[in-house]
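Student: Before I ask anything, let me first share the structure, which is written out below as structure tokens.
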Amino acid sequence: MRIGELASRAGVSVRSMRYYEEQGLLASTRSPSGQRHYTEEEVERVAFIQRLYAAGLSSRTIVELLPCVDAPSRENSDSALERMAQERERLSAHIDDLVRTRDTLDVLVATARAHREQLGHPAAD
């Protein structure tokens, strides 16, 4: 199938398909005129890639996980599990940073509200 059909069936843009190929996440064969052609299996592969992106993984990390799909083995599975655990730790640290940032903003908002309230009441002479 051609790139437009795959993109439509997988629910992604043609631009995303080209990006996936540039990043080594997806491969196509080329017709003599240079058109990309994909197999039926690529629909599920694109859906899998989308799930990995939705989990917060980068294309570089996804490339590291694909051997588990392309050449299933205990070693590849162990490697993928370890990599996903590392990504989970990274995301957890980022969440902790975001919570601290939100808490700091909450303090600033409370301070600004208190200051605004003082502006509404003229000082007694």
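The values are calculated or read from the model by the stated rules, or taken from the named source; none is laboratory data. The structure presented is a predicted model; accordingly, all values stated were derived computationally and were not measured. Because the Cβ atoms are built from the backbone with ideal geometry, glycine has one as well, and the counts that use them run over all protein chains shown.
Student: Based on this model, can you work out whether Gln50 counts as loosely packed, with under 13 Cβ neighbours inside 10 Å and either farther than 30 Å from Arg15 by Cα or touching a residue at least 40 places away in the same chain (Cβ under 8 Å) (or both)?
Tutor: Taking the combined requirement at face value, the residue does not satisfy it.
Student: Do we find a residue being out of contact with any Gly (no Cβ under 6 Å at 6 or more places or on another chain), crowded, with 16+ Cβ neighbours inside 10 Å, among the polar types (S, T, N, Q) and under 30 Å from Ser92 (Cβ atoms) anywhere in the range 61-72?
Tutor: Taking every residue of the range 61-72 in turn, at least one turns out to be out of contact with any Gly (no Cβ under 6 Å at 6 or more places or on another chain), crowded, with 16+ Cβ neighbours inside 10 Å, among the polar types (S, T, N, Q) and under 30 Å from Ser92 (Cβ atoms).
Student: Please work out if Leu26 is under 21 Å from Ala7 (Cβ atoms), among the aliphatic types (A, V, I, L, M) and not in a helix (DSSP H, G or I).
Tutor: yes
Student: Of the residues in the range 25-34, how many are without any contact (Cβ under 8 Å) to a residue 40 or more places away in the chain and surrounded by 12 or more Cβ atoms within 10 Å (Cβ to Cβ)?
Tutor: Here the count works out to 3.
Student: Give the residues of the range 11-23 that are assigned to a helix (DSSP H, G or I) and either over 18 Å from Leu66 (Cα atoms) or in contact with an Asp or Glu (Cβ under 8 Å, 6 or more places away or on another chain) (or both), sorted by residue number.
Tutor: Of everything in the range 11-23, those that are assigned to a helix (DSSP H, G or I) and either over 18 Å from Leu66 (Cα atoms) or in contact with an Asp or Glu (Cβ under 8 Å, 6 or more places away or on another chain) (or both) turn out to be Val14, Arg15.
Student: Next question, about the same structure. Condition (residue is in a helix (DSSP H, G or I) and in contact with a strand residue (DSSP E or B) (Cβ under 8 Å, 6 or more places away or on another chain)) applied to the range 37-48: is it met by at least one residue?
Tutor: no
Student: Looking at Glu40 and the list (1) among the acidic types (Asp, Glu); (2) without any contact (Cβ under 8 Å) to a residue 24 or more places away in the chain; (3) within 30 Å of Ser8 (Cβ to Cβ), which single condition is not satisfied?
Tutor: (2)
Student: Among the residues of the range 11-25, is any touching a Leu at 6+ places or on another chain (Cβ under 8 Å), of a type in the set (D, E, K, R) and modelled with pLDDT of 95 or more?
Tutor: Scanning the range 11-25 turns up no residue that is touching a Leu at 6+ places or on another chain (Cβ under 8 Å), of a type in the set (D, E, K, R) and modelled with pLDDT of 95 or more.
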